[in-house]
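Presented below is the structure to which this report refers.
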Amino acid sequence: EEQQEEEEDEGSGLRVTPALLKSTTGEFSLESILLLRLRGRGIAHLGCLADCSNLEWLDLSGNAIAGLAPLAALRALTVLNLAGNRVASVEPLRGCRSLRQLNLAGNRVRSLRHLRCLRELRHLESLRLRDPLGNLGNPVCAAPAYRAALAAMLPGLKAIDGQRVAGRGSELFRLCGELDAALDGQAVAAVPPEPPQPWVQDGF
């Protein structure tokens with residue numbers, strides 16, 4: 001079903017070509033491109049993007065992209081913005097072994113099982129499926145406690161939807177919670193305090 005959807009979505013739209021990449025970046029060689037911004041260009045086909053083998057930062061937001069196959073070859077990619085596209089399957093991204101930040105807000109990801117392949121991305125720290133400011137989401141975001149389930153599935157994440165979920169901040173939050181619970185328990189078990197005594201002796 002997803003494959004059919006991708007094929008239908010790629011029936012029309014702009015294709016990424018060497019000429020497009022060179023005119024956009026000013027580079028003469030695709031291997032020389034390290035940063036690429038192709039936001040809102042009406043792109044439906046990623047075309048020759050796999051030839052940008054040294055690409056580290058890629059913004060493809062606001063296009064009509066469904067199929068991600070060419071991205072599998074981008075081993076050096078660390079930041080990828082796919083917000084506002086038609087992506088239902090992120091399977092090819094398992095090849096992006098250096099990926100640290102991934103924005104998928106405003107796509108067609110229906111289930112957490114469609115994100116399991118991201119487990120192989122050992123460096124992935126930030127994943128965004130929802131962006132309230134841009135009114136962008138995914139069908140999976142309607143599931144109850146999806147952020148907690150996502151954090152459990154991808155324990156290496158430090159941020160989900162822009163909110164910190166791991167690292168020193170959450171560790172401090174956890175410790176504070178344990179301290180509060182301990183104090184609450186002590187308060188329940190404690191003997192009622194004695195009435196306060198006056199600071200001065202009687203008759204002073």
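Please treat every number below as a calculation from the coordinates, not as lab data. Fair warning: this is a prediction, and the values are worked out from it, not measured in the lab. Cβ sites come from the backbone with ideal geometry, for glycine too, and all protein chains shown count toward neighbours.
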- Starting from the stretch 75-143, pick out the trypsin sites (Lys or Arg not before Pro) whose DSSP state is loop and whose Cβ has at most 10 other Cβ atoms within 10 Å. ARG122
- Message: If neighbour count is taken as other Cβ atoms inside 10 Å, put ILE65, ILE160 in order from fewest to most.
- Response: ILE160, ILE65
